[in-house]
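Only one structure is covered here, and it is reproduced in the block below.
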Amino acid sequence: MKNSRRIILVSALCVILLVVYYRFGYPLRNTIESSTLLNSCLATQSISPHDVFFPSERKLSGRPYLNCRASIVVDNETNEIIYSRNADTPRSVASITKLLSALVLCDMDFDWTKVIQVTREDARNSARSHLKIGEKLYASDLFYIALISSDNRAMRAIVRECGVPLDEFIDLMNQKAREIGMYDSEFYEVTGLDEHNVSTAEDCVRLLHTALKQDLIKDALTTYRYQYRSLNHKRRRNIVNTNRLLLSKWKIAGGKTGYIVESGYCLATRMSDSEGHDITVVVLGAPFSGTRFSVTRKISSWAFRNLSRFDSIADNQSVAVNKP
């Protein structure tokens with residue numbers, strides 16, 4: 001009886017050691033890598049539930065200087081970080097916060113046809129807004145206004161009417177952030193006006209990628225001009241997207257701007273060029289509104305040039321190998 005227990009114990013310890021060695025890449029991994037049974041057992045453990053980025057080992061030419069506090073460029077085909085500057089440093093991200101609020105709203109069984117009235121509390125310290133106190137709008141219009149023109153009153157009004165108390169909604173935001181791998185981020189408010197809403201450039205990439213999986217958010221982030229009408233008035237109004245890159249030469253999959261004094265001017269954008277290269281660029285802490293766009297154009301052009309160069313190198317190597 002004792003011998004059988006010892007055998008079971010030793011066998012269990014061996015399995016644990018094998019799992020640890022395999023999981024963390026020790027030399028023994030090479031000897032057991034071909035084990036189909038072990039690979040199938042570890043498959044669910046080795047898959048990360050969120051985006052994992054790693055520095056590129058490719059030789060990038062002409063690394064540019066960018067006039068901002070933090071930035072990152074990710075090649076979405078390989079999940080490689082091809083440019084990084086203070087990308088893991090938490091800092092205020094202003095209205096990029098609205099992407100997280102929008103994600104939490106999309107997780108709810110929310111009635112987008114609901115009529116919501118803008119209140120004085122919604123308007124408190126809300127910066128400039130297209131909405132006036134007392135106006136009534138459909139929830140769907142408020143959602144688009146919140147993301148397209150980064151309207152703080154619109155986001156506050158929707159959150160107020162979502163059926164969840166504000167403190168619980170903020171808890172859901174932070175839970176969602178952890179769920180998608182934003183471990184260096186913390187949120188205290190739904191619009192981004194609170195300087196204590198902090199994240200990193202790398203976490204902002206994860207947030208944007210997750211947000212763009214929601215059709216409603218993606219549609220709002222790629223809409224340049226939006227027309228709506230409050231139920232109090234007959235006249236229709238137009239708003240324009242704060243992301244100027246929607247008119248650029250690249251195909252924009254979606255992006256979000258942000259600004260408060262403490263954060264500086266921010267921009268997170270996912271885009272692709274005519275050759276199909278897909279990148280995400282985050283710029284945080286630019287000194288002026290136009291700078292965040294010029295910096296993004298500069299680093300995107302640099303990234304696309306390098307990705308095209310890598311394609312040419314790969315093509316040449318392929319031709320050389322295939323020559324008789």
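The values are calculated or read from the model by the stated rules, or taken from the named source; none is laboratory data. Since this is a predicted model, take the numbers as computed values, not measurements. We place every Cβ from the backbone using ideal geometry, glycine too, and count neighbours over all the protein chains shown.
In region 174-226, what count of residues is obtained for those that are surrounded by fewer than 22 Cβ atoms within 10 Å (Cβ to Cβ) and not charged (D, E, K, R)?
18
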Here are the criteria: (1) in a strand (DSSP E or B); (2) farther than 16 Å from LYS298 by Cβ; (3) over 15 Å from the mean Cα position of the chain (by Cα). Tell me which single one GLU57 does not satisfy.
(1)
Breaking point among (1) within 21 Å of LEU172 (Cα to Cα); (2) free of Cβ contacts under 8 Å to residues at least 12 places away in the same chain, for CYS106
(2)
Can you name the condition, by its number, that ILE313 falls short on among (1) out of contact with any Ser or Thr (no Cβ under 8 Å at 6 or more places or on another chain); (2) surrounded by 15 or more Cβ atoms within 10 Å (Cβ to Cβ); (3) part of a helix (DSSP H, G or I)?
(2)
Members of region 73-97 that are in contact with an Asp or Glu (Cβ under 6 Å, 6 or more places away or on another chain) and under 10 Å from VAL283 (Cα atoms):
ALA87
Which of the helices (runs of 4 or more DSSP H) contained wholly in region 162-232 include at least 3 residues that are of a type in the set (Asp, Glu), assigned by TED's automatic domain parsing to the domain that holds ILE82 and at negative phi?
166-179
Selection over region 72-126 where residues are surrounded by fewer than 21 Cβ atoms within 10 Å (Cβ to Cβ), of a type outside the set (Val, Ile, Thr) and part of a loop (DSSP other than H, G, I, E, B) yields a count of 15
Is it fair to say ASP151 is out of contact with any Phe, Trp or Tyr (no Cβ under 6 Å at 6 or more places or on another chain), buried (at least 18 other Cβ atoms within 10 Å of the Cβ) and under 29 Å from ILE239 (Cα atoms)?
yes
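Being assigned to a loop (DSSP other than H, G, I, E, B) and in contact with a Gly (Cβ under 7 Å, 6 or more places away or on another chain) is the filter here, so list the residues in region 236-265 that pass it.
Residues satisfying the conditions are ASN243, SER263.
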